[in-house]
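The values are calculated or read from the model by the stated rules, or taken from the named source; none is laboratory data. As the structure is a computational prediction, the values presented were derived from the model and not from experiment. Positions of Cβ are backbone-derived with ideal geometry, glycine not excepted, and every protein chain shown enters the neighbour counts. Calculation scope for accessible area: heavy atoms of the full protein, side chains included, ligands and nucleic acids excluded. Shrake-Rupley method; radii C 1.70, N 1.55, O 1.52, S 1.80 Å.
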Amino acid sequence: MLKQITKPLLDSCRDLLPIVVVIAFFQLLILRQPLPNLMELLVGMLFVVLGLTLFIRGLELGLFPIGESMAYDFARKGNLFWLLAFAFALGFGTTVAEPALIAVSAEAATVAAEADMIINTDESRSGYAFGLRLTVALAVGFAIVIGVLRILKGWPIQYLIIGGYIGVVLMTMIAPQEIIGIAYDSGGVTTSTITVPLVTALGVGLASSIRGRNPMVDGFGLIAFASLTPIIFVMGYGLVY
């Protein structure tokens with residue numbers, strides 16, 4: 001029991017050590033300034049270690065197993081419609097709830113209002129932010145469906161990725177300049193704390209349950225689609241809006 005508690009804590013400390021070393025090096029040796037609010041920093045670091053430990057342990061106990069088991073059950077059921085519906089719902093639902101996307105959408109709405117792209121009212125900013133979140137969530141749901149079809153059909157991932165980025169380049173040429181940066185950032189923030197564990201578990205579980213599929217070769221790659229399609233969808237949102 002003691003080992004099960006101390007080992008994850010030590011692993012989290014090891015993972016955070018490079019960040020602590022970098023900050024201490026530049027603060028003490030380059031800037032030659034003492035660390036401000038040292039006690040608060042230590043307490044905050046303790047919270048980070050505990051939070052990271054609990055988060056990783058939660059993934060191991062909860063999200064990864066349920067994602068893999070549901071993928072296996074859907075594959076065994078043999079119903080393509082419900083498997084694709086589950087994939088879309090999983091991508092959509094996890095993205096809508098993504099904290100990083102909520103923060104970026106709200107910030108994008110504020111900046112758009114200050115730049116007179118939208119009316120500077122709470123209702124307008126809220127509508128813009130919600131529309132952006134909805135667009136990204138739809139994009140991720142669509143991406144997971146494409147990724148699941150790739151696993152089922154055995155499509156080479158490189159052709160899909162290359163074709164997707166060609167689409168990104170073409171959209172960048174015609175999209176409003178104000179939305180391009182937001183679009184590229186949206187592709188990054190979708191793949192964060194909630195989306196990544198469940199989507200990865202879905203891909204690995206699905207590839208493990210289908211005869212002739214290799215979990216290492218076919219099980220991964222869904223996150224790449226989830227990062228790619230929001231860029232195209234958000235630039236399209238900018239064109240329409």
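Some values worked out for this structure:
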item: GNM result for the chain, Cα springs below 10 Å: residue of Val217, Val49, Val21 fluctuating most strongly; result: Val21
item: Most mobile of Pro36, Pro65, Pro215 in a GNM of the chain (Cα contacts under 10 Å); result: Pro36
item: Identified option (computed P(r) over Cα pairs in 10 Å bins from 0, in percent; candidates (i) 8, 29, 35, 21, 6, 1, 0; (ii) 8, 34, 38, 17, 2, 0; (iii) 7, 25, 26, 25, 14, 3, 0); result: (iii)
item: Euclidean distance between Cα centres, segment 167-206 to segment 211-240, Å; result: 7 Å
item: Solvent-free Debye scattering, log10 I(q)/I(0), computed from the Cα coordinates of segment 156-241 at q = 0.23 Å⁻¹; result: -1.04
item: Heavy-atom accessible area per residue - segment 97-144, 1.4 Å, Å²; result: 48 Å²
item: Relative contact order of the chain, defined on C-alpha pairs under 8 angstrom at six or more residues apart (%); result: 25 percent
item: Whole-percent carbon and sulfur share, accessible surface of the chain, 1.4 Å; result: 71 percent
item: Cα centroid separation, segment 1-68 to segment 110-139 (Å); result: 35 Å
item: Per-residue HN-Hα couplings for segment 107-124 [Karplus 6.51, -1.76, 1.60; θ = phi - 60°; Hz; x = Gly/Pro]; result: 5, 5, 5, 5, 5, 4, 5, 5, 8, 6, 7, 9, 5, 7, 10, 4, 5, 5
item: Size of electric dipole in the chain: Cβ of Lys, Arg +1 and of Asp, Glu -1, about Cα centre, debye, nearest 20; result: 1020 debye
item: Backbone HN-Hα couplings from phi across segment 45-57 [Karplus 6.51/-1.76/1.60, Hz, Gly and Pro as x]; result: 5, 4, 4, 5, 4, 5, x, 5, 4, 5, 5, 5, 5
item: Directionally averaged shadow of segment 132-202, computed from the convex hull of its alpha-carbon atoms, nm²; result: 5.3 nm²
item: Most to least packed among 108-118, 202-212, 227-237 [average Cβ atoms within 10 Å]; result: 227-237, 202-212, 108-118
item: Solvent-free Debye scattering, log10 I(q)/I(0), computed from the Cα coordinates of segment 1-108 at q = 0.13, 0.14, 0.22 Å⁻¹; result: -0.80, -0.87, -1.15
